[in-house]
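Have a look at the structure below, then the notes.
Readers should treat all values here as calculations from the given coordinates under stated rules, not as data from a laboratory. In this text the structure is predicted, and so the values were computed from the model without any measurement. Positions of Cβ are backbone-derived with ideal geometry, glycine not excepted, and every protein chain shown enters the neighbour counts.
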Amino acid sequence: MHADSKEGWKPCADGPRMHDGRFSTGKSQSFYFPDDHLSMPSWFKGMAIIIAERGLWPADGLPAQCPSFCCPPGRTDCCCHQLLFSQPDFTGQKPQLQEAIEHRSHLCDFYPKYHCEMNFIEQYWGSAKLQFQAMGRAMTMEEIEVKVVECLDDVPLLHIQRFILSFFLSIFL
């Protein structure tokens, strides 16, 4: 659990940062070293240090993650990943994109990943791929690029509107 800077590595100053966490007492916990830290200014502390600061680090240590991310059922103390992601301040943190959208008084609703019936973009792609297949074979990369653009442009606006409408109806009904 020693915090040494890695040779050649630098933190991304403009990168997204996590919000501070909260100890069980309610006190704020920064997940980053202070700007005036001797060897790692502004660096993310890492799971082991965050867990240790919370007083949850076991004497015999923890692996960063369980093999293949397969944690034993019902365990929250098998690895750093599981222990941190079972903490209330971690589970309650919204993604930065969602916070930015909601900060501007908009509704943010993420689709289920890779769910073609719930994501109108997948239906749009499906329609474009069907048209691409019907156009026949292309001989060069340039022909393929032209065909792809044509297929994407040729999906009728009415179909796109229906995809979007069916998506919203499936959510709200």
Checklist entry - Per-residue HN-Hα couplings for segment 138-153, Karplus 6.51 cos²θ - 1.76 cosθ + 1.60 at θ = phi - 60°, whole Hz, x for Gly and Pro? => result 10, 9, 10, 4, 4, 5, 4, 4, 4, 5, 4, 4, 4, 5, 5, 6
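When Lys and Arg each count +1 and Asp and Glu each count -1, what net charge do the other residues less than 9 Å away from Met135, Cβ to Cβ, add up to?
Numbers: positive: Arg137, Lys147; negative: Glu150.
Neighbour charge sum, excluding Met135 itself: +1.
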Item to check | Interchain or long-range residues, amide H under 5 Å from Tyr32's placed H | outcome: Lys45
Checklist outcome for this item: Expected sort for 133-140, 37-44, 48-55 on mean C-beta neighbours within 10 Å, highest first, is 48-55, 37-44, 133-140
Item to check | segment 55-72 - phi-based ³J(HN,Hα) in whole Hz, Karplus 6.51/-1.76/1.60, Gly and Pro as x | outcome: x, 10, 6, x, 4, 8, x, 9, x, 4, 8, 6, x, 6, 6, 9, 7, x
Checklist entry - When the dipole is taken about the Cα centre of segment 17-138, and only Lys, Arg (+1) and Asp, Glu (-1) are charged at their Cβ, what size is it in debye, to the nearest 20? => result 300 debye
